[in-house]
Amino acid sequence: MHAILNVIHWNIDPIIFEIGSFGLRYYALCFLAAFVVSYILMLKIFKREGKTQELLDQLSIYIFLGTLIGARLGHCLFYEFDYYSQHPLEMILPFRMVDGSFQLTGFQGLASHGGAIGILLALWLFSRKTKTNFMWITDRLIIVVPLAGAFVRLGNFFNSEIIGLPTAMPWGVVFERVDMVARHPAQLYEAIAYVIIFIILWTMYQKNAKPKAGYLFGIFLVLLFGARFVLEFYKENQEAFEDSMKFNMGQLLSIPFMIGGLYLIFRKPKQKA
């Protein structure tokens with residue numbers, strides 16, 4: 001990374017090192033860091049509220065699988081449905097057929113909105129399996145989700161993906177692996193926004209460990225998806241079909257989450273009989 005003519009030139013190799021066909025990517029490290037840091041913080045919350053680490057270990061498995069499966073299917077269904085409807089196995093297999101032969105591609109394409117849906121479904125299954133209150137566990141988990149999202153967006157920055165629109169601002173970044181145009185570092189905008197949201201939620205929880213059921217979840221939905229909606233205006237569209245849309249797919253998918261968040265914030269708690 002170096003700065004020339006008031007812009008930052010970014011040309012970091014996303015692969016740290018390779019051994020044969022295996023390559024360790026910065027993105028993979030950021031994804032791993034997201035789960036490790038989230039686990040450590042959730043362990044503090046569980047201990048504070050008298051829950052066992054064994055319960056958290058079970059939850060972690062559900063969340064890991066829910067995140068990956070949801071994010072993968074979300075990308076395939078929301079952004080590239082035309083392709084994957086004709087190649088359904090490629091949704092779940094890390095390779096595709098190219099010129100008559102299989103090519104290892106990994107799982108290219110993860111959608112955060114799909115990940116959010118996957119996490120909610122995983123939480124529902126977890127709550128049923130362990131007889132844990134769904135809203136209780138959701139109100140606690142969402143405290144660390146923004147911080148995990150910040151790590152993932154940092155990984156996107158290392159990959160030179162989810163780039164921003166062209167800009168003349170002095171902090172513009174030239175992603176040399178994409179083109180030679182100075183652009184908004186949209187990944188870093190999101191990462192910073194998510195860290196701020198994490199600080200807000202963590203502070204609210206520390207001041208009141210037993211808020212109204214669903215209140216923290218509602219705050220999370222409004223803040224995180226509100227930030228996502230606004231920051232999409234600074235990003236290039238991910239798929240060509242979005243170019244003709246007033247609001248892109250990321251913004252449209254954010255609206256239901258924000259509406260759900262407002263409902264949770266302002267709903268009146270049930271009166272006890």
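The values are calculated or read from the model by the stated rules, or taken from the named source; none is laboratory data. Computed from a prediction, not measured in an experiment: that's the story for all the values here. For neighbour counting, all protein chains shown are included, and Cβ atoms are generated from backbone atoms with ideal geometry for every residue, glycine included. These accessible areas exclude ligands, DNA and RNA; they are computed on the full protein's heavy atoms, side chains included. Shrake-Rupley method; radii C 1.70, N 1.55, O 1.52, S 1.80 Å.
Remarks
- Length released on extending from T130 to K270, taking residue separation times 0.36 nm less the Cα-Cα span: 48.0 nm
- Rounded to 0.05, the FRET efficiency of the D82 and F247 pair, given R0 = 22 Å and the Cβ-Cβ distance, is 0.65.
- Stretching K212 away from F64 to a fully extended chain increases their span by 50.6 nm, per 0.36 nm per residue minus the current alpha-carbon distance.
- Taking the Cα centre of the chain as origin and assigning +1 to Lys and Arg Cβ atoms and -1 to Asp and Glu Cβ atoms, the resulting dipole is close to 1960 debye.
- With a Förster radius of 25 Å applied to the C-beta separation of L165 and I259, the computed FRET efficiency comes to 0.40.
- Each part gets one Cα centre, and for the range 18-46 versus the range 109-157 those centres are 15 Å apart.
- Computed 3J(HN,Hα) for the range 122-130, one whole-Hz value per residue from the Karplus formula 6.51 cos²θ - 1.76 cosθ + 1.60 where θ = phi - 60°, is 5, 5, 4, 5, 5, 5, 5, 5, 9, glycine and proline marked x.
- Hz values of 3J(HN,Hα) by residue in the range 248-260 - Karplus curve (6.51, -1.76, 1.60), Gly and Pro given as x: 6, 4, x, 6, 4, 6, 6, 4, x, 5, 5, 4, x
- Applying a DSSP loop filter and a limit of 14 other Cβ atoms within 10 Å to the GluC sites (Glu not before Pro) in the range 1-73 leaves E49.
- Nonpolar atom fraction for the range 134-272, defined as the carbon and sulfur part of the 1.4 Å probe accessible area, stands at 69 percent.
- Gained length - V36 relative to E176, 0.36 nm times residue gap less alpha-carbon distance: 47.3 nm
- Cross-linked pairs K44/K129; K131/K210; K129/K210; K51/K268; K131/K235; K129/K268: Cα-Cα separations exceed 30 Å for K131/K235.
- A 1.4 Å probe run over the range 225-273, with the rest of the protein chains in place, finds 68 Å² accessible per residue.
- The H on the amide N of R183, modeled in the peptide plane, is under 5 Å from the matching H of T167, V173, V174, F175, each at least 5 residues off or on a different chain.
- For the range 44-60, 3J(HN,Hα) computed residue by residue from phi via the Karplus equation (6.51, -1.76, 1.60; θ = phi - 60°) reads 4, 5, 4, 5, 4, 9, x, 9, 7, 5, 4, 5, 5, 4, 4, 4, 4 Hz, glycine and proline entered as x.
- Within a Gaussian network of the chain (alpha carbon springs, distance under 10 Å), most fluctuating of N156, N133, N208: N208
- Using alpha-carbon coordinates, inclination of helix 134-158 to the longest axis of the chain, degrees: 20 degrees
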